[in-house]
Each structure stands twice: as C-alpha cells, then as structure tokens.
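Visitor: This is the structure, below, for whatever I ask next.
The values are calculated or read from the model by the stated rules, or taken from the named source; none is laboratory data. Quick caveat, the model's predicted, so the values are computed rather than measured. Glycine also receives a Cβ, built like all others from the backbone with ideal geometry; neighbour counts cover every protein chain displayed. Heads up: the accessible areas ignore ligands, DNA and RNA and are worked out on the full protein's heavy atoms, side chains in. Shrake-Rupley method; radii C 1.70, N 1.55, O 1.52, S 1.80 Å.
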Amino acid sequence: MIRVSCCQYQIEQLPNWESYVLKIKKLVTDAKNEGATILVMPEYAGTEIACKKFNIDDELYSALQPLIPKYIDFYRKLAQINQIYIQAGTIIEKTKLNKFVNRAYMFSPNGSYEYQDKLQLTEYEKSTTLLERGCQQKIFKTSLGSIGIAVCYDSEFPEIIRSLVKQGASIILVPSYTTTLAGLNRVFLSCRARAIENQCYIAISYVINKVDLSGGPDNTYGQAAILGPVDTGFPDDGIIAQGKINQSMLVTENLSLAALDLVRKEGQVHNFEDSFTQINEHEMRFVPF
C-alpha cells in the first residue's frame, strides 16, 4: 500500500541539534501512526538545523554546510529504522565557491538516499546571487513505484512534470515554501493542472506561519494537499486530501497506482496518452489577419 503524509510544517529557531532530532522523530512517529509509507516535508525545512538566527542568507547557508553530513546520516537511519520513505524538504548545499543549490533529499527504508536539485529559481532566489539552478532531473525507483520531485516553483512548469511522467513517475512530491497567498495558489493550482495533464498524483508540503532564521521574518502560507486526476474513480475536483491553512498538521491519504492505470485506460479523457500521440504532431501555420 502507498500512503502519503504531507506536512504543514513550522520552521522554528531551535536551541540545539537535540531539539531538532526530537522534533523530527515525533513527526515521523506521527506519520507512521497514520500508516504513512512516504513522508513529505517542505522546502527550506533543512535550514532549521542551524539552530540560530543569522543576519543574512549567506551566513545561514555557510553555517549549514558542516552540519549536512550529520543531517544526511540522521535521516538515513531514521528512514531505515522506521521503514518509511522520507522526502526531507530541502536544504541549501554548497557546490562550488560562493554558490549553493536548493537540494531535496530522498531517504529510503533500505538505507540509501539521493537528491533532486531545484531547477527553476524564483526572483528572490535569483536576487540573492547565492543560489544556482539544478541541471538534472532524477527518477526515484522505489518499492512503491517511480517517484519524481519538483521543488515548489518547478511545479509551475508543465514540461518539468511531463518529463518526469514520461520517464515513468506516477507520484510527484512537491516541497514548497510560499510567502503570500498568491504564491500558495500558484503552486497549488499548478499542481492541480499537472495532475490533470499527466493523470498522476501530486503531493504538496508547505511551510506555515512566521519564519525568522535570516534577515527579516517571512510570513508563510501553507495548505498541504494530495491531488489526482479529475476523472473516473477520483474526486470531481481532483483534491484527494487537503489541510487547513496554516495549521500544524499532517495530510495523509492512500494512493493507488491501479486507479491511475484504470483512469488512463478507461477515463472520460486520456490526457496522458494523448499528450504522447497528438500534441507533437500538430502543424503550426501562421496566417495574416
């Protein structure tokens, strides 16, 4: 059985590493108690391990680097002990002198791990001049099926999700961090469209409420959701489950790959199939008007 838990997660200034460990262990326990086989955390959740407020992003990002090996080892063991897949949101990781990526790690119950870097940067991320975009997409071949990760803004680009689905991903995990209701809705509405276009599952996790780790505080808005096709066997609006905005909680629901196969074969429309067989065959004609 595939059962996904998506967090509505508060990033806090924690006093020490031990406090972080206790917080995450409780989160995993809560997800396990809900029967989850996959836990999805939000974008930038990993910055919490700094356990301190910094004046600027550069200071925060630099402080994270010596802690990343411990972060990876902690989640690797946590996933293995609890026999759950953990998508730990994202953390900022240095790749070259004065450049960082927004990196989403995925940890397996078998002790292995991999990551997906954010491919598209928001205007704020570009303005810091610290972050660089990722250049590769990955498919996570799990015992539950093939999974892709699209970090927040990446979900707003149809071709990013389409390329994952074309390579066999049926579930797309979307760790997100949005500082306005407009941003929340851009991600949410984009994910609804991606689920319809590709007849796949999309699971979104968000940060909630105030975040104050570097510079001025951010007010974030989050309403986690699990989305699917709008067709036979699925809700009429495609919303399988959704949380209450800005409340700390898990949004948990079962996913069925058999239901996806059925809707792709016998649904009212065949978005997935038709996207392969027709769209690229259209001839473009320019006409005077």
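Visitor: Identify, please: which residue in region 231-242 is touching a Leu at 6+ places or on another chain (Cβ under 8 Å) and either at pLDDT 95 or above or crowded, with 21+ Cβ neighbours inside 10 Å (or both) and is, among those, farthest from K32 (Cα to Cα)?
Guide: In the first step, residues of region 231-242 are kept if they are touching a Leu at 6+ places or on another chain (Cβ under 8 Å); the result is 232-233, 238-240.
Filter again for either at pLDDT 95 or above or crowded, with 21+ Cβ neighbours inside 10 Å (or both), leaving 238-240.
Details: G238: 25, I239: 23, I240: 20 Å.
The qualifying residue farthest from K32 (Cα to Cα) is G238.
Visitor: Let me ask you something else. In region 207-230, how many residues are more than 17 Å from T178 (Cβ to Cβ) and at pLDDT 95 or above?
Guide: 4
Visitor: On to the next question. Restricting attention to region 121-142, and to residues there that are among the polar types (S, T, N, Q) and in a loop (DSSP other than H, G, I, E, B), which single residue is most open to solvent (accessible area, probe 1.4 Å)? Give the steps one after another, and end with the answer.
Guide: Kept after step one, since they are among the polar types (S, T, N, Q), are these residues of region 121-142: 122, 127-129, 136-137, 142.
Adding the requirement that they be in a loop (DSSP other than H, G, I, E, B) leaves 122, 128-129, 136-137.
Details: T122: 44, T128: 27, T129: 89, Q136: 113, Q137: 70 Å².
Result: Q136.
Visitor: Return the only residue of V269, V251, V207 being farther than 27 Å from E34 by Cα, of a type in the set (A, V, I, L, M) and out of contact with any helix residue (DSSP H, G or I) (no Cβ under 6 Å at 6 or more places or on another chain).
Guide: V269
Visitor: How many residues are open to solvent by 30 Å² or more (accessible area, probe 1.4 Å) and either among the aliphatic types (A, V, I, L, M) or part of a loop (DSSP other than H, G, I, E, B) (or both) when one looks only at region 1-34?
Guide: 8
Visitor: If you go through region 212-235 one residue at a time, do you hit one that is touching a residue at least 24 places away in the same chain (Cβ under 8 Å), assigned to a helix (DSSP H, G or I) and within 25 Å of I160 (Cα to Cα)?
Guide: Checked region 212-235: no residue is touching a residue at least 24 places away in the same chain (Cβ under 8 Å), assigned to a helix (DSSP H, G or I) and within 25 Å of I160 (Cα to Cα).
Visitor: Picking from Y44, Y61, Y20, which residue would you name as being without any contact (Cβ under 8 Å) to a residue 40 or more places away in the chain and of a type outside the set (D, E, K, R)?
Guide: Result: Y20 is the single residue among Y44, Y61, Y20 that is without any contact (Cβ under 8 Å) to a residue 40 or more places away in the chain and of a type outside the set (D, E, K, R).
Visitor: From the list N198, N209, N254, which one is among the polar types (S, T, N, Q), over 12 Å from the mean Cα position of the chain (by Cα) and closer than 29 Å to L14 by Cα?
Guide: N209
Visitor: Turning to a different aspect of this structure: Looking only at region 143-185, which residues are touching a Phe, Trp or Tyr at 6+ places or on another chain (Cβ under 6 Å) and outside any helix (DSSP H, G or I)?
Guide: I147, I171, S176, Y177, T178
Visitor: What pairs come up if the first residue lies in region 68-79 and is part of a helix (DSSP H, G or I), the second is among the hydrophobic types (A, V, I, L, M, F, W, C) and open to solvent by 10 Å² or more (accessible area, probe 1.4 Å), and their beta carbons are under 8 Å apart, counting only those six or more places apart or on different chains?
Guide: K70/W17; F74/V21
Visitor: For residues that are under 22 Å from the mean Cα position of the chain (by Cα) and either farther than 19 Å from L131 by Cα or surrounded by fewer than 17 Cβ atoms within 10 Å (Cβ to Cβ) (or both), tally how many sit in region 52-66.
Guide: 1
Visitor: Starting from residues that are touching a helix residue (DSSP H, G or I) at 6+ places or on another chain (Cβ under 9 Å) and of a type in the set (G, A, S), keep the ones in region 139-157 and report whichever is farthest from N198 (Cα to Cα).
Guide: Filtering first and then ranking leaves G145.
Visitor: Considering only region 48-99, how many residues are among the small types (G, A, S) and more than 24 Å from L22 (Cβ to Cβ)?
Guide: Residues meeting the conditions: 1.
Visitor: Further, regarding this structure: Need the failing condition index for I49 against (1) under 16 Å from the mean Cα position of the chain (by Cα); (2) among the aliphatic types (A, V, I, L, M); (3) under 25 Å from G216 (Cα atoms), just the number.
Guide: (1)
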